Amino acid sequence: MSLFFSRRKKERGKGDSVVLPQHIGIIMDGNGRWAKKRGLPRSAGHTAGAQNFRTITRYCSDIGIKYLTVYAFSTENWKRPADEVSALMTLFKQYLNEALTDFKDDSIVVRFIGETSAFSEDLRELIIRTEEESKHRNGMVLNIAMNYGSRDELVTATKKIAEKVKNGELSVDDITEDTVSDNLYTAHQPDPDLIIRPSGEYRISNFLLWQSAYTEFVIMDKLWPDFTKDDLDMALEIFAKRNRRFGGI
Ligand code: IPE
Ligand code: IPE
Ligand code: MG
(Lines give C-alpha, C1' and ligand atoms only; values in the text may rest on other atoms or scores of the structure.)
(Ligands and ions follow the chains in the order given, each with its own letter.)
Protein backbone atom coordinates (compact mmCIF):
# COMPACT_ATOMS: atom_id res chain seq x y z
CA MET A 1 0.00 0.00 0.00
CA SER A 2 1.21 3.47 -0.82
CA LEU A 3 2.49 5.93 1.73
CA PHE A 4 -0.51 8.17 1.09
CA PHE A 5 -3.08 5.50 1.61
CA SER A 6 -1.51 3.85 4.63
CA ARG A 7 -1.08 7.22 6.31
CA ARG A 8 -4.54 8.38 5.36
CA LYS A 9 -6.05 5.13 6.58
CA LYS A 10 -4.64 5.70 10.06
CA GLU A 11 -5.95 9.27 10.12
CA ARG A 12 -9.37 8.36 8.84
CA GLY A 13 -12.22 7.46 11.09
CA LYS A 14 -14.74 4.79 10.20
CA GLY A 15 -16.93 5.79 7.29
CA ASP A 16 -14.65 8.64 6.16
CA SER A 17 -13.58 8.44 2.56
CA VAL A 18 -10.42 9.67 0.91
CA VAL A 19 -10.96 12.65 -1.35
CA LEU A 20 -9.40 11.17 -4.43
CA PRO A 21 -9.52 13.10 -7.70
CA GLN A 22 -11.50 11.38 -10.39
CA HIS A 23 -9.44 12.91 -13.16
CA ILE A 24 -5.76 13.92 -12.92
CA GLY A 25 -3.83 15.85 -15.57
CA ILE A 26 -0.04 15.79 -15.62
CA ILE A 27 2.20 18.18 -17.56
CA MET A 28 5.22 15.90 -17.93
CA ASP A 29 7.81 18.68 -17.96
CA GLY A 30 11.53 18.90 -17.18
CA ASN A 31 13.06 16.10 -19.27
CA GLY A 32 15.54 18.45 -20.97
CA ARG A 33 16.79 19.95 -17.71
CA TRP A 34 17.07 16.49 -16.16
CA ALA A 35 19.37 15.42 -19.01
CA LYS A 36 21.37 18.66 -18.95
CA LYS A 37 22.10 18.25 -15.22
CA ARG A 38 23.68 14.89 -16.06
CA GLY A 39 25.60 16.10 -19.11
CA LEU A 40 23.37 13.96 -21.35
CA PRO A 41 21.59 14.87 -24.59
CA ARG A 42 18.01 16.09 -24.18
CA SER A 43 16.75 12.92 -25.87
CA ALA A 44 18.08 10.91 -22.89
CA GLY A 45 15.78 12.99 -20.69
CA HIS A 46 12.83 12.13 -22.91
CA THR A 47 13.66 8.42 -22.65
CA ALA A 48 13.81 8.67 -18.85
CA GLY A 49 10.56 10.68 -18.88
CA ALA A 50 8.82 8.05 -21.00
CA GLN A 51 9.91 5.33 -18.57
CA ASN A 52 8.47 7.33 -15.70
CA PHE A 53 5.24 7.87 -17.60
CA ARG A 54 4.80 4.10 -17.50
CA THR A 55 5.43 3.88 -13.73
CA ILE A 56 3.13 6.74 -12.80
CA THR A 57 0.36 5.61 -15.18
CA ARG A 58 0.34 2.14 -13.67
CA TYR A 59 0.30 3.64 -10.16
CA CYS A 60 -2.66 5.91 -10.96
CA SER A 61 -4.56 2.94 -12.31
CA ASP A 62 -3.68 0.84 -9.24
CA ILE A 63 -4.91 3.41 -6.72
CA GLY A 64 -8.24 3.85 -8.48
CA ILE A 65 -7.90 7.03 -10.55
CA LYS A 66 -10.61 6.94 -13.23
CA TYR A 67 -9.07 9.33 -15.79
CA LEU A 68 -5.48 10.37 -16.34
CA THR A 69 -4.47 12.89 -18.99
CA VAL A 70 -0.77 13.24 -19.70
CA TYR A 71 0.73 16.04 -21.79
CA ALA A 72 3.36 14.42 -24.00
CA PHE A 73 3.81 16.81 -26.95
CA SER A 74 2.25 20.23 -27.52
CA THR A 75 1.30 21.99 -30.75
CA GLU A 76 4.16 24.38 -29.92
CA ASN A 77 6.77 21.66 -29.42
CA TRP A 78 7.34 21.46 -33.20
CA LYS A 79 9.40 24.65 -32.72
CA ARG A 80 12.21 22.57 -31.19
CA PRO A 81 15.31 21.56 -33.15
CA ALA A 82 14.57 18.89 -35.78
CA ASP A 83 16.78 16.28 -34.10
CA GLU A 84 14.89 16.62 -30.81
CA VAL A 85 11.49 16.37 -32.53
CA SER A 86 12.70 13.36 -34.47
CA ALA A 87 14.01 11.68 -31.28
CA LEU A 88 10.62 12.25 -29.67
CA MET A 89 8.78 10.72 -32.64
CA THR A 90 11.03 7.63 -32.51
CA LEU A 91 10.38 7.35 -28.80
CA PHE A 92 6.60 7.60 -29.29
CA LYS A 93 6.71 4.78 -31.84
CA GLN A 94 8.86 2.59 -29.62
CA TYR A 95 6.61 3.26 -26.65
CA LEU A 96 3.40 2.55 -28.45
CA ASN A 97 4.81 -0.68 -29.79
CA GLU A 98 5.89 -1.68 -26.30
CA ALA A 99 2.64 -0.49 -24.77
CA LEU A 100 0.70 -2.70 -27.15
CA THR A 101 2.45 -5.77 -25.82
CA ASP A 102 2.95 -4.55 -22.28
CA PHE A 103 -0.62 -3.41 -21.63
CA LYS A 104 -2.17 -6.40 -23.39
CA ASP A 105 -3.70 -7.95 -20.29
CA ASP A 106 -4.34 -4.61 -18.75
CA SER A 107 -7.59 -2.83 -18.05
CA ILE A 108 -6.38 0.64 -19.13
CA VAL A 109 -8.28 2.30 -21.98
CA VAL A 110 -5.83 4.35 -24.07
CA ARG A 111 -7.04 7.41 -25.97
CA PHE A 112 -5.15 10.11 -27.81
CA ILE A 113 -6.09 13.74 -27.69
CA GLY A 114 -4.61 16.23 -30.15
CA GLU A 115 -4.26 16.64 -33.90
CA THR A 116 -2.78 13.25 -34.71
CA SER A 117 -3.08 13.74 -38.48
CA ALA A 118 0.22 15.66 -38.29
CA PHE A 119 2.14 12.48 -37.42
CA SER A 120 3.78 10.04 -39.83
CA GLU A 121 1.67 7.23 -41.21
CA ASP A 122 3.26 4.49 -39.12
CA LEU A 123 2.78 6.49 -35.92
CA ARG A 124 -0.85 7.20 -36.83
CA GLU A 125 -1.43 3.50 -37.45
CA LEU A 126 0.01 2.68 -34.05
CA ILE A 127 -2.22 5.30 -32.44
CA ILE A 128 -5.32 3.81 -34.09
CA ARG A 129 -4.30 0.25 -33.17
CA THR A 130 -3.60 1.19 -29.56
CA GLU A 131 -7.02 2.86 -29.27
CA GLU A 132 -8.80 -0.01 -31.01
CA GLU A 133 -7.18 -2.73 -28.92
CA SER A 134 -7.96 -1.03 -25.63
CA LYS A 135 -11.39 0.47 -26.24
CA HIS A 136 -13.41 -2.43 -24.82
CA ARG A 137 -11.56 -2.47 -21.53
CA ASN A 138 -13.14 -1.17 -18.36
CA GLY A 139 -10.32 0.37 -16.32
CA MET A 140 -8.78 3.82 -16.07
CA VAL A 141 -9.02 6.01 -19.17
CA LEU A 142 -5.58 7.26 -20.14
CA ASN A 143 -5.61 10.28 -22.47
CA ILE A 144 -2.24 10.85 -24.10
CA ALA A 145 -2.05 14.45 -25.33
CA MET A 146 0.11 14.43 -28.45
CA ASN A 147 0.26 17.39 -30.81
CA TYR A 148 -2.25 18.77 -28.35
CA GLY A 149 -2.92 22.46 -27.87
CA SER A 150 -5.99 23.69 -26.06
CA ARG A 151 -6.44 26.67 -28.37
CA ASP A 152 -6.24 24.39 -31.37
CA GLU A 153 -8.78 22.10 -29.70
CA LEU A 154 -11.15 25.05 -29.19
CA VAL A 155 -10.76 26.20 -32.81
CA THR A 156 -11.48 22.64 -34.00
CA ALA A 157 -14.56 22.47 -31.75
CA THR A 158 -15.76 25.86 -33.02
CA LYS A 159 -15.47 24.64 -36.61
CA LYS A 160 -17.42 21.46 -35.81
CA ILE A 161 -20.19 23.47 -34.13
CA ALA A 162 -20.30 26.01 -37.02
CA GLU A 163 -20.61 23.13 -39.47
CA LYS A 164 -23.59 21.71 -37.53
CA VAL A 165 -25.28 25.13 -37.56
CA LYS A 166 -24.62 25.44 -41.29
CA ASN A 167 -26.15 21.99 -41.93
CA GLY A 168 -29.21 22.87 -39.89
CA GLU A 169 -28.41 20.18 -37.28
CA LEU A 170 -28.07 22.76 -34.53
CA SER A 171 -29.55 26.21 -33.94
CA VAL A 172 -27.45 29.07 -32.57
CA ASP A 173 -29.81 29.47 -29.60
CA ASP A 174 -29.20 25.86 -28.59
CA ILE A 175 -25.43 26.33 -28.18
CA THR A 176 -24.55 25.83 -24.52
CA GLU A 177 -21.43 25.13 -22.48
CA ASP A 178 -22.18 21.44 -22.97
CA THR A 179 -22.11 21.93 -26.75
CA VAL A 180 -18.55 23.20 -26.45
CA SER A 181 -17.50 20.45 -24.01
CA ASP A 182 -19.04 17.78 -26.21
CA ASN A 183 -17.00 18.90 -29.20
CA LEU A 184 -13.63 18.81 -27.47
CA TYR A 185 -11.24 15.84 -27.64
CA THR A 186 -12.23 15.10 -24.04
CA ALA A 187 -15.97 14.94 -24.87
CA HIS A 188 -18.07 13.10 -22.26
CA GLN A 189 -15.22 12.87 -19.76
CA PRO A 190 -15.25 14.69 -16.41
CA ASP A 191 -13.08 17.82 -16.15
CA PRO A 192 -9.74 17.33 -14.40
CA ASP A 193 -9.97 17.79 -10.62
CA LEU A 194 -6.21 18.10 -10.25
CA ILE A 195 -3.43 19.16 -12.61
CA ILE A 196 0.14 18.47 -11.52
CA ARG A 197 3.06 20.28 -13.11
CA PRO A 198 6.48 19.01 -12.12
CA SER A 199 9.59 21.04 -13.02
CA GLY A 200 8.55 24.11 -11.05
CA GLU A 201 7.04 26.13 -13.91
CA TYR A 202 3.98 28.15 -12.94
CA ARG A 203 2.11 28.04 -16.23
CA ILE A 204 -0.47 26.01 -18.12
CA SER A 205 1.32 25.97 -21.52
CA ASN A 206 -1.87 25.50 -23.57
CA PHE A 207 -3.11 22.43 -21.64
CA LEU A 208 -6.85 21.82 -21.04
CA LEU A 209 -7.79 25.53 -20.87
CA TRP A 210 -11.56 25.04 -21.06
CA GLN A 211 -11.58 21.87 -18.96
CA SER A 212 -9.50 23.37 -16.13
CA ALA A 213 -11.92 26.18 -15.22
CA TYR A 214 -12.17 24.80 -11.65
CA THR A 215 -9.19 22.46 -11.52
CA GLU A 216 -6.84 22.48 -8.53
CA PHE A 217 -3.20 23.06 -9.49
CA VAL A 218 -0.21 21.55 -7.77
CA ILE A 219 3.20 22.71 -8.97
CA MET A 220 6.12 20.58 -7.82
CA ASP A 221 9.78 21.40 -7.89
CA LYS A 222 10.86 18.05 -9.30
CA LEU A 223 11.82 17.31 -12.89
CA TRP A 224 9.50 14.77 -14.53
CA PRO A 225 11.99 11.86 -14.74
CA ASP A 226 12.60 12.31 -10.97
CA PHE A 227 8.90 12.49 -10.09
CA THR A 228 8.02 9.46 -7.94
CA LYS A 229 4.92 7.69 -6.65
CA ASP A 230 5.57 9.43 -3.32
CA ASP A 231 5.46 12.78 -5.12
CA LEU A 232 2.12 11.80 -6.57
CA ASP A 233 0.95 10.85 -3.08
CA MET A 234 2.07 14.25 -1.86
CA ALA A 235 0.08 15.97 -4.62
CA LEU A 236 -2.93 13.88 -3.63
CA GLU A 237 -2.56 14.91 -0.01
CA ILE A 238 -2.39 18.58 -1.00
CA PHE A 239 -5.44 18.10 -3.20
CA ALA A 240 -7.39 16.38 -0.41
CA LYS A 241 -6.91 19.44 1.82
CA ARG A 242 -8.11 21.97 -0.74
CA ASN A 243 -11.48 23.59 -0.28
CA ARG A 244 -13.16 23.60 -3.68
CA ARG A 245 -15.99 26.08 -3.90
CA PHE A 246 -16.80 26.31 -7.60
CA GLY A 247 -17.92 29.90 -7.09
CA GLY A 248 -20.15 29.05 -4.15
CA ILE A 249 -19.34 29.61 -0.48
C1 IPE B 1 8.86 17.89 -21.42
O2 IPE B 1 10.18 18.16 -21.07
C3 IPE B 1 8.74 17.04 -22.64
C4 IPE B 1 8.23 17.73 -23.84
C5 IPE B 1 7.83 18.96 -23.85
C6 IPE B 1 8.14 16.97 -25.07
P7 IPE B 1 11.00 19.36 -21.73
O8 IPE B 1 11.68 18.84 -22.95
O9 IPE B 1 10.14 20.54 -21.95
O10 IPE B 1 12.06 19.64 -20.61
P11 IPE B 1 12.60 21.06 -20.16
O12 IPE B 1 11.42 21.88 -19.76
O13 IPE B 1 13.32 21.64 -21.33
O14 IPE B 1 13.51 20.75 -19.02
C1 IPE C 1 4.58 21.69 -21.91
O2 IPE C 1 5.93 21.81 -21.68
C3 IPE C 1 4.33 20.61 -22.91
C4 IPE C 1 4.64 19.26 -22.47
C5 IPE C 1 5.08 18.89 -21.32
C6 IPE C 1 4.41 18.23 -23.45
P7 IPE C 1 6.84 22.86 -22.45
O8 IPE C 1 8.22 22.66 -21.97
O9 IPE C 1 6.61 22.75 -23.91
O10 IPE C 1 6.24 24.26 -21.96
P11 IPE C 1 6.93 25.68 -21.85
O12 IPE C 1 7.57 25.96 -23.18
O13 IPE C 1 7.92 25.62 -20.74
O14 IPE C 1 5.79 26.62 -21.53
MG1 MG D 1 9.68 22.12 -20.77
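The values are calculated or read from the model by the stated rules, or taken from the named source; none is laboratory data. Predicted, not measured: the structure shown is a model, and the values here were computed from it. Here Cβ is always computed from backbone atoms with ideal geometry, including for glycine, and neighbour counts include all displayed protein chains. Surface areas here come from the heavy atoms of the whole protein model, side chains and all, with no ligands, DNA or RNA. Shrake-Rupley method; radii C 1.70, N 1.55, O 1.52, S 1.80 Å.
Rounded, prolate or oblate: pick one for region 75-172, where a ≥ b ≥ c are the square roots of the eigenvalues of its C-alpha gyration tensor, a/c under 1.5 means rounded, and failing that, prolate if a/b is larger than b/c, else oblate. Because a/c hits 1.5 or more and a/b fails to exceed b/c, region 75-172 counts as oblate. Heavy atoms of the protein chains alone define the surface here; on that basis the chain has 53 Å² accessible area per residue at 1.4 Å probe size. Expressed as a whole percent, the accessible area of the chain that falls on carbon and sulfur atoms is 51 (1.4 Å probe). For residue 26, nonlocal amide neighbours, meaning residues 5 or more places apart or on other chains whose placed amide H falls under 5 Å from its own, are 69, 70, 71, 196.
Based on the Cβ-Cβ distance from residue 201 to residue 66, what FRET efficiency comes out when R0 is 45 Å, to the nearest 0.05? So, using R0 = 45 Å, E works out to roughly 0.95. Applying the criteria of a DSSP loop state and at most 14 other Cβ atoms within 10 Å to the trypsin sites (Lys or Arg not before Pro) of region 60-126 yields 104.
Note on the chain: Cα-Cα pairs beyond 33 Å make up 21% of the total pair count. I need the Debye-formula profile for region 168-249: one equal scatterer per C-alpha, no solvent, reported as log10 I(q)/I(0) at q = 0.18, 0.19, 0.26 1/Å, two decimals. At q = 0.18, 0.19, 0.26 Å⁻¹ the computed log10 ratios are -0.89, -0.95, -1.29. Compute the label zone of residue 33 within region 190-208: residues whose backbone N is under 14 Å from the point 7 Å along Cα-to-Cβ. Backbone N within reach: 197-204.
Think of it as helices only: each DSSP H run of n ≥ 4 in the chain is worth -39500 (n - 2.57), and spread over all residues that comes to -14000 deg cm²/dmol at 222 nm. Taking a threshold of 28 Å on the Cα-Cα distance, which of the pairs 66/159; 79/166; 66/222; 135/241 fall above it? Table pairs above 28 Å Cα-Cα are 66/159; 79/166; 135/241.
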